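Visitor: Can you read through this structure? Questions will come right after.
The values are calculated or read from the model by the stated rules, or taken from the named source; none is laboratory data. Here the structure is a predicted model, which is why all the values come from computation and not from measurement. With ideal geometry, Cβ positions are generated from the backbone for all residues, glycine too; neighbour counts draw on all protein chains shown. With ligands, DNA and RNA removed, areas are computed over all heavy atoms of the protein, side chains included. Shrake-Rupley method; radii C 1.70, N 1.55, O 1.52, S 1.80 Å.
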Amino acid sequence: AGARAAVGRIARAARRGNPLLEVETGAAVHELLVALRRARADIAPDGDPVLQALARDAFRHLSVAEHAARHGMTPAELRTAVRRGAGCSPKDYLLGIRLGRAKELLAATELPVAAVARRVGYDDPAYFSRLFTRRVGTAPVRFRAQQGRAVPGGWSQQIPDPDHPPILRSSEAGGPGPAA
């Protein structure tokens, strides 16, 4: 069921005229991979409570050991649980969540890179920029420019609802702008 839902989100994100195509499809593909990994590991489709808690706390300044202690686990037990559920280490899982949110903010808002860094849990914008560049393959400012986020109708000021993202109309249908 989780994989089907992710495929549905990929299909919705890949529709013609979606200004956030890359961001939304990338996030949906990540969800699909996690859903498939969970299915393979026989984890309940509603998700692993440890992964849900890590995702909820991803933007807090906590070490892996502190995350483990919050769940009454040792760091080794947390690593095993996250690897079983998500197929990666806790640090990589948290980093993926943080960078995914940073991509959303960069693509959908005009927040300065320093503000995006703070919102996703990094106090040092220079460190965030280096990390983002190393992991994503492009600098945050360049990523933002590549997303073409200056969407007619003011959508560039909003973070879109993933279930009802903005759609650009063709020029024949009354000019560009978000569809209702």
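Visitor: Report the extension gain between Ala5 and Val29 in nm, rounded to one decimal, defined as 0.36 nm multiplied by the number of residues separating them, less their alpha carbon distance.
Guide: Working: separation 24, 0.36 × 24 = 8.64 nm, distance 1.08 nm.
In short, 7.6 nm is gained.
Visitor: Once both labels are modelled 7 Å past Cα along the beta-carbon direction, what's the Arg130-Arg60 spacing in nm?
Guide: Once both label points are built, they end up 2.8 nm from each other.
Visitor: Going by accessible area, probe 1.4 Å, with all protein chains left in place, what is the ranking of His61, His71, largest first?
Guide: Accessible-area ranking of His61, His71, largest first: His61, His71.
Visitor: Within the stretch 27-145, what whole-number % of the accessible surface is contributed by carbon and sulfur, with the 1.4 Å probe and all protein chains included in the calculation?
Guide: Whole-percent figure for carbon plus sulfur exposure: 54.
Visitor: How much accessible area per residue does the stretch 1-135 have, counting only protein heavy atoms and a probe of 1.4 Å, in square angstrom?
Guide: Dividing the accessible area of the stretch 1-135 by its residue count gives 54 Å².
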